[in-house]
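Q: Dropping the structure in here first, questions after.
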Amino acid sequence: MDFLELAKDRYSVRKFSERKVEQEKIDSILEAGRLAPTAVNYQPQRILVISSDESLDKFRDCTPYHFNAPLALLVCYDSEVSWKRSFDNKDMGEVDASIVATQMMLEVTNLGLGSTWVGHFDPEKIRNAFKIPANIVPVALFPVGYPAESSKPSPKHSSRLAITETVFMNSF
């Protein structure tokens, strides 16, 4: 699929069918994340695949935005591995995790699956539920699955600012 076409077609899926996601599709999504660029190529991303019934129950307990998806991915980064900018010690792990997550999200769409980026979760609750070490920082949750037949983009999906409102040439 053409990249811009893929980017336009992707939407936040909030209704899933019960159909399980095949392992080869999960592997492809994870590979898209593995191939993502990261600062200094340190690759601090750490992905938790949530697929067992027990793990999905824990996931559902950590956020109301689970949409009963048959699979979830928790995108994190390792703060002991991520690159820190020398000027201000800014930790680029969240940026790296976001790049990884975006590539994975686009591969989800490319495979005919759906997802949405969920940032609304209790970090401590998710840390406890999945025994996440202190150096691993959760960034985003992705419910993943086959969109339900009734799934459709939100009314705001196609609403975008004019490029002249978001892009500036040579100076602000």
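Q: Test R127 against the criterion of being part of a helix (DSSP H, G or I), open to solvent by 20 Å² or more (accessible area, probe 1.4 Å) and charged (D, E, K, R), and give yes or no.
A: Working: part of a helix (DSSP H, G or I): yes; open to solvent by 20 Å² or more (accessible area, probe 1.4 Å): yes; charged (D, E, K, R): yes.
Spelling it out, R127 is indeed part of a helix (DSSP H, G or I), open to solvent by 20 Å² or more (accessible area, probe 1.4 Å) and charged (D, E, K, R).
Q: If you check T109 against the conditions, is it open to solvent by less than 50 Å² (accessible area, probe 1.4 Å), polar (S, T, N, Q) and either assigned to a helix (DSSP H, G or I) or farther than 23 Å from R46 by Cβ (or both)?
A: It is true that T109 is open to solvent by less than 50 Å² (accessible area, probe 1.4 Å), polar (S, T, N, Q) and either assigned to a helix (DSSP H, G or I) or farther than 23 Å from R46 by Cβ (or both).
Q: Next question, about the same structure. Being outside any helix (DSSP H, G or I), on the phi < 0 side of the Ramachandran plot, small (G, A, S) and buried (at least 18 other Cβ atoms within 10 Å of the Cβ): is that true of A72 here? Reasoning before the result, please.
A: Details: outside any helix (DSSP H, G or I): yes; on the phi < 0 side of the Ramachandran plot: yes; small (G, A, S): yes; buried (at least 18 other Cβ atoms within 10 Å of the Cβ): yes.
Spelling it out, A72 is indeed outside any helix (DSSP H, G or I), on the phi < 0 side of the Ramachandran plot, small (G, A, S) and buried (at least 18 other Cβ atoms within 10 Å of the Cβ).
Q: Let me ask something additional. Considering only residues of the stretch 51-60 that are under 21 Å from S12 (Cα atoms) and in a helix (DSSP H, G or I), which is most open to solvent (accessible area, probe 1.4 Å)?
A: From the stretch 51-60, those under 21 Å from S12 (Cα atoms) are 51, 56, 59-60; that's our starting set.
Cutting the leftovers down to in a helix (DSSP H, G or I) gives us 56, 59-60.
On the way: L56: 4, F59: 1, R60: 72 Å².
Selected residue: R60.
Q: So which pairs qualify, if the first residue must be in the stretch 143-162 and closer than 19 Å to K20 by Cβ and among the β-branched types (V, I, T), the second must be modelled with pLDDT of 95 or more and open to solvent by less than 100 Å² (accessible area, probe 1.4 Å), the Cβ gap must be under 7 Å, and the two must be at least 6 apart or on different chains?
A: V144/V21; V144/A69; V144/L71; V144/A72; V144/L73; V144/V108; V144/L113; V144/S115
Q: Step by step: first the residues of the stretch 35-48, then only those that are surrounded by fewer than 17 Cβ atoms within 10 Å (Cβ to Cβ) and in contact (Cβ under 8 Å) with a residue 24 or more places away in the chain, then the one that is nearest to K125 (Cα to Cα). Which residue is that?
A: Residues of the stretch 35-48 that are surrounded by fewer than 17 Cβ atoms within 10 Å (Cβ to Cβ), as a first pass: 35, 37, 40-42.
Subset that is in contact (Cβ under 8 Å) with a residue 24 or more places away in the chain: 35, 37, 40, 42.
On the way: L35: 30, P37: 29, V40: 31, Y42: 28 Å.
Filtering first and then ranking leaves Y42.
Q: The conditions are (1) of a type outside the set (S, T, Y); (2) in a strand (DSSP E or B); (3) farther than 11 Å from V144 by Cα; (4) in contact with a Pro (Cβ under 8 Å, 6 or more places away or on another chain), and L48 fails exactly one of them. Which is it?
A: That leaves (4) as the condition not met.
Q: While we're on this one: Only one of D122, D78 is surrounded by fewer than 18 Cβ atoms within 10 Å (Cβ to Cβ) and either under 27 Å from R19 (Cα atoms) or out of contact with any His (no Cβ under 6 Å at 6 or more places or on another chain) (or both). Can you tell me which?
A: Matching residue, one of D122, D78: D122.
The values are calculated or read from the model by the stated rules, or taken from the named source; none is laboratory data. Fair warning: this is a prediction, and the values are worked out from it, not measured in the lab. Quick reminder, even Gly has a Cβ in these numbers, built from the backbone with ideal geometry, and neighbours come from all protein chains shown. Surface areas here come from the heavy atoms of the whole protein model, side chains and all, with no ligands, DNA or RNA. Shrake-Rupley method; radii C 1.70, N 1.55, O 1.52, S 1.80 Å.
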